[in-house]
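Remarks on the structure that follows.
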Amino acid sequence: EALGSYHRALTVFSDRKGGPEQRLEKSKLMANRAECQLRLELWEAAEKSAANALALDAANAKARFRRARALTELGGEPNLKASLDELEELKRASTNGALGRAETLLQRRGGKERADLKKAHQRASDGLKKAFASGNAGLISKEEVEDKIRNGSKSEIEERIAALSDRDASTFTADPKDPSGWCDQLF
C-alpha cells in the first residue's frame, strides 16, 4: 500500500525537473519508495529508486544507505564493491567521520560476503587449473552423464568421479608454463 502511495506521489512530479525544493522532495519520495521495495525484497527496483534519489540529491544519506543495502542483497562482486563504496561515501559525508550501527553492520556483512566470494572464485580457479593439469582425463560431457543415468550406469559415473578425485596433478612432470609436454604424457 505504501509503495503505491509513493508511486502516486512521484507521478505528480512526472518528468518535470522542477526547482531545488521539488528535486529534494522527489529525492525523499524515491528514497522512501526504495525502503518499501527493500522490505518487499525487490532488490533491483530498490537499487534503482535509491540511485534515482541520489541523482537528484547526492547528499541524501538515507538513499545512499538504502542503495548500499539493495546492492548487498543483490550480491556479486561488482554489487558488493559498489555497496562498500556507497558506505565509504556515507562515512566521508558524516559529520564525525563514522558510520551508524546499521551502516557498520552492513559494511561488515558486505565485506565478509565479498571476501567469501573471492575465496570461492579462487577455489573454482584452482579446481580448473588442477583439472587442466590432469588433462581432464576421465571427464565426460553432460550428454554422456545423462545417457549413462538413463541406461542405469550410474556406478560407472561415480567410479570416474572417484578416480578423478584420487588423481594428483603432481604426477605430471611437464612444466606448467609450457603445456606442450602435457599432451605427450596424456597419450
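The values are calculated or read from the model by the stated rules, or taken from the named source; none is laboratory data. The structure displayed is predicted, hence computed values, not measured ones. All Cβ positions, glycine included, derive from the backbone under ideal geometry; neighbour counts span all protein chains shown. We work out accessible area using only protein heavy atoms, side chains counted, and drop any ligands, DNA or RNA first. Shrake-Rupley method; radii C 1.70, N 1.55, O 1.52, S 1.80 Å.
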### Query
Do you know which residues across the range 56-66 are touching a residue at least 12 places away in the same chain (Cβ under 8 Å) and either open to solvent by less than 50 Å² (accessible area, probe 1.4 Å) or not basic (Lys, Arg) (or both)?
Leu56, Asp57, Ala59, Asn60, Ala61, Ala63, Arg64, Phe65, Arg66
### Task
Please list, ordered by first then second residue, the pairs with beta carbon atoms under 8 Å, 6 or more apart or interchain, first in the range 1-20 and under 13 Å from Cys36 (Cβ atoms), second in a loop (DSSP other than H, G, I, E, B) and modelled with pLDDT of 80 or more.
Leu3/Leu40
#### Entry: Hits in the range 24-47 (condition: open to solvent by 70 Å² or more (accessible area, probe 1.4 Å) and farther than 19 Å from Gly110 by Cα)
Leu24, Glu25, Lys28, Leu40
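On the basis of being of a type outside the set (D, E, K, R) and surrounded by 20 or more Cβ atoms within 10 Å (Cβ to Cβ), does Leu99 make the cut?
Numbers: of a type outside the set (D, E, K, R): yes; surrounded by 20 or more Cβ atoms within 10 Å (Cβ to Cβ): no.
Answer is no for this residue.
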### Task
Pick out the one residue from Leu90, Leu3 that is touching a Cys at 6+ places or on another chain (Cβ under 6 Å), at pLDDT below 90 and not polar (S, T, N, Q).
Leu3
### Query
Hey, does the range 113-134 have a residue that's open to solvent by less than 70 Å² (accessible area, probe 1.4 Å), farther than 25 Å from Glu1 by Cβ and either outside any helix (DSSP H, G or I) or β-branched (Val, Ile, Thr) (or both)?
yes
